[in-house]
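Novice: Before anything else, here's the structure in question.
Nothing in this text is a laboratory measurement; each read-out follows from the coordinates by a stated rule. Treat the numbers as computed from the prediction; the structure is a model and nothing was measured. Cβ atoms come from the backbone with ideal geometry, glycine included; neighbour counts cover every protein chain shown.
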Amino acid sequence: MPASVRSIIGAVVAVPIAVGLFYIMTALVSRDFQQEETKARKIADIVVPDKVIETNLKEVLPEKVEDPEEPPPDMEPLEFDTDVDMNMANTAPAVAVTVNINASGMSSGDGEYLPIVKVAPIYPRRAQTRGLEGFCIVTYTVTSSGSIRDPYIANPEQDCPQSIFRSASIKAAEKFKYKPRVVDGQAIEVVGVANKFTYELEGGR
C-alpha cells in the first residue's frame, strides 16, 4: 500500500477520535461534584491528675569506719650518734668582762642612788678574734625613775682608746637600773655618773 494512502487513512481515523476525546473532557470539567460532608469528631478531653513531687532532703551520711582492733605497731626510736669529740679545740677565746662603778659621784647621805641592775657588755667578736683587750668609761645620767639617760664617752681618746669597745659599752650602760637619789622625799636626777667596763681575754697578754 502506498505511503500516501496510509497517511490519508490515518488522518480520517484520527479526527473522529480527537473530537470524541474533546467532548468527553468537556463533559468531565462541566460536571458538578458534590463534596461529601465530613462529620467532625470530638476528641475527648484528657485530664491529667496533679502530681505532687516529693523532694527528699534527707542527708545521706557515710558509714562510720570502725576503729581497727589492732593498734598500729610502735615506731622504732631513731638512733642518733651522740659521740662527740671532746678534744676539739674551741676556736673562740674565753673572755672576761668586769664592770666597775665610779663611786666618786656617790655620797654617804641617806637616800643616795644605788645600782640595782648592772649588765656586762658583749665582748665584740672582732676583738676576740684579733686578741684585743681594753677598757671603756661611759658617763651618763641616772634619772629620777632609776633608768639611764644620755650615755656617752666624755673623752674617747683617754676613756676608751680602743674604739671597737665603745658601742658595746654604751649599749650595756643603757640597760643599767638604779635606786634613784631621794632628797626631802623627792627623787632627783644624778648627772655625771661614770662606769668603767674592762675587756680581758682569759690567759691574755
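Novice: Please work out which residue is farthest from E200 (Cα to Cα), limiting yourself to the range 121-133 and to residues that are surrounded by fewer than 16 Cβ atoms within 10 Å (Cβ to Cβ) and in contact with a helix residue (DSSP H, G or I) (Cβ under 8 Å, 6 or more places away or on another chain).
Specialist: Among them, the one singled out is R126.
Novice: Here's a follow-up. Which number in (1) under 47 Å from the mean Cα position of the chain (by Cα); (2) more than 26 Å from T143 (Cβ to Cβ) marks the one condition that P161 misses?
Specialist: For P161, the failing item is (1).
Novice: Which residues, counting only those in the range 173-187, are surrounded by fewer than 15 Cβ atoms within 10 Å (Cβ to Cβ) and over 26 Å from G134 (Cβ atoms)?
Specialist: Within the range 173-187, K179, V183, D184, G185, Q186 meet the criteria.
Novice: Mind checking which residues of the range 157-171 are out of contact with any Gly (no Cβ under 6 Å at 6 or more places or on another chain) and outside any helix (DSSP H, G or I)? Give the steps one after another, and end with the answer.
Specialist: Filtering the range 157-171 for residues out of contact with any Gly (no Cβ under 6 Å at 6 or more places or on another chain) gives 157-161, 163-164, 166-171.
Scanning the range 157-171 gives C160, P161.
Novice: From I153, I122, I116, I148, which residue is of a type in the set (A, V, I, L, M, F, W, C) and closer than 15 Å to Y199 by Cα?
Specialist: From the options I153, I122, I116, I148, the qualifying one is I122.
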